[in-house]
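Presented below is the structure to which this report refers.
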Amino acid sequence: MAEAERIPRVLVVDDEPNIRELVQVALKFHGCTVSTASNGSEAIRQAEIAMPDLIVLDVMLPDIDGFEVCRRLRAAGNEVPVIFLTARDTSSDTVTGLAIGGDDYVTKPFSVEALVARVRAVLRRASRAARPATYGDRDDILGAGDLEVDESRWTVRRAGTPVELSKTEFQLLAYLMRHQGRVLTRAQLLENVWGWDYAGESQIVETYVSYLRRKLDALGPPLIHTQRGVGYSLRLPEHAAAHRAHQARQTWQPEGGHGRDPSSGPRGSARDSRGATTAPPSQRSEPDSPQPDEPGRRGAEPGHCERNQAAHQRS
């Protein structure tokens, strides 16, 4: 049977029988082969024997919790995708689940349709990642300055130093590099990296971006930049500086769109050291120069100098 036609195997781990049965029936209806476990020890054993393509794993288990199950699987080299199920809806639990190698996080009570959609999305990603690579193909190598990503070998180097990334971190970085210079929204990243067909939770994007920054920024200047209120982009340092300068120029647009600095005065004017506007030399008058046509100023009245000289001689 071809890889695309193979029936995916899913292991559902939950200590509540009604939830196990509900998820099992739903996944079977959508074409999966489903096995179940009611505790953490049994989940580890079945993961080794049945070799599932994905595990739906409850966090609150009676013997060892789901986080510890995932840790032990990863320590043993088992990279099976894991979707956590839990009633604890806190950001710290979400971050913990993702940090130890989880691929998604669903809180109880949950919609069965939403869970099935996430299962299918994670299976799609895993299937794409498992496709055989063509080694030596330069089209599989992405570059951005001193950062190099080899999609065929799943390797990352920055400034010649290998960078260890999880599968999701690698996929996120590769997608950012394939769209280098573009600002990608959180919805775009969720759909194309995580495979979700709806907006979903943007927190997972922010969490993985922070993971990438921590690993990449230790070896050079920042490459992943935040566009506040929009999303993220990967830009080289010089391009990032140019982008910031462009944004600064666009912060004020007068009517007519010429984009002059609002701190400047009339065209051709300048500011002195106190911030006052001064006109160009051609528009300024000398403050100490007499104006012949202006009455009341020294030198403005005809014959003024001659009368002063005559009066001086008489005295």
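The values are calculated or read from the model by the stated rules, or taken from the named source; none is laboratory data. Worth saying up front: this structure is predicted, and the values here are computed from it rather than measured. Here the Cβ positions follow ideal geometry from the backbone for every residue, glycine too, while neighbour counts run over all protein chains shown. Remember, those area values only see protein heavy atoms, side chains included, never the ligands or the DNA or RNA. Shrake-Rupley method; radii C 1.70, N 1.55, O 1.52, S 1.80 Å.
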### Query
For region 100-175, which strands (runs of 3 or more DSSP E) that fit wholly inside it have 2 or more residues that are of a type in the set (A, V, I, L, M) and either more than 23 Å from the chain's Cα centre (by Cα) or at pLDDT 85 or above (or both)?
141-144, 147-150
### Query
Failed condition for Gly160, given (1) at positive phi; (2) touching a residue at least 40 places away in the same chain (Cβ under 8 Å); (3) open to solvent by 50 Å² or more (accessible area, probe 1.4 Å), with all others met?
(2)
### Query
For Val95, which of the numbered conditions (1) modelled with pLDDT of 90 or more; (2) assigned to a helix (DSSP H, G or I); (3) surrounded by 15 or more Cβ atoms within 10 Å (Cβ to Cβ) fails to hold?
(1)
